[in-house]
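Since the structure comes first, as C-alpha cells, the remarks are kept for the end.
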Amino acid sequence: MKPVGILAGFLMMWGAAVAYPEGAPWGAAELDGAETCSTCHFDSEVEKDSGLITLDGLPERVTLGETYKLSLQFAPSGAAVAGFMLTASAGAFHHAKKGTEANEQDVRSTAPVPAQDGASWTVTWTAPEEADGEILFFAAINGANNDMSSFGDRIYFRTFAVNLGE
C-alpha cells in the first residue's frame, strides 16, 4: 500500500476516535434519530432492544415533579470498556457524578468505564410537572474494545416506557 493510502486510513480511524472526545452527540440514544451512536461505531451490527441493558429505579407509574435515582446497567458482553447515553421523552436529568453530564432530556458518559464484568451508571431524573400518557427512555450503550477507534465496538439500544399517574 502506498504511504498516502496508509496515512489516509490512519487519519480516518483516528478522526472517528476523536470526533466526540467528550461523549456521544446529544440525542444519539434514539435509534430512529438522525445521528446515533452507530453513525460513528459502524463496524458491528446494532443490537436493538438489547436484553443486556436494564434501567432500575423507575416505578410502574411516575409521579409528576418527583425525582428518581436511576441505575442504567450493562451486563457483561465481552467489551473492555463502555459508555452510555440515556434520553427521556419528558422530564429532566441532573448531573449525577464525575464522568457524566446532563443536558435536560439527555445524560451521557464523558469517559469510558471498565466493562469486563459489566458496567453501571447512576443518574438523577425528575419527572415533568405536566405531561400526559407515557414517558419513553431511550438507552444506548457502546460496548467498546478500548482501541480508541470506531472499529470492533458494538452499539446496544433499548427503550423503556413508564406511565404517569399516582
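Rule-based calculations on the coordinates, nothing more; no lab input. All values derive from a computational prediction rather than experimental measurement. Ideal geometry is used to build each Cβ from the backbone, glycine not excepted, and the neighbour counts take in all protein chains shown.
Annotations
- Rounded to whole numbers, the Karplus 3J(HN,Hα) couplings from phi for segment 104-116 are 6, 8, 10, 9, 8, 7, 10, 8, x, 10, x, 9, 4 Hz, using 6.51 cos²θ - 1.76 cosθ + 1.60 with θ = phi - 60°, and x at Gly and Pro.
- Label-to-label distance, Asn103 versus Glu134, with points set 7 angstrom from Cα along the beta-carbon direction: 2.7 nm.
- Derived scalar couplings between HN and Hα for segment 67-76 equal 9, 10, 8, 10, 10, 8, 10, 10, 5, x Hz in order, rounded to whole Hz, by the Karplus curve 6.51 cos²θ - 1.76 cosθ + 1.60 (θ = phi - 60°), x for Gly and Pro.
- For Ala82, distant residues with modelled amide H under 5 Å away: Val113, Ala115, Ala144
- Amide H contacts of Thr100 (H built 1.01 Å from N, under 5 Å, at least 5 apart or other chain): Thr110
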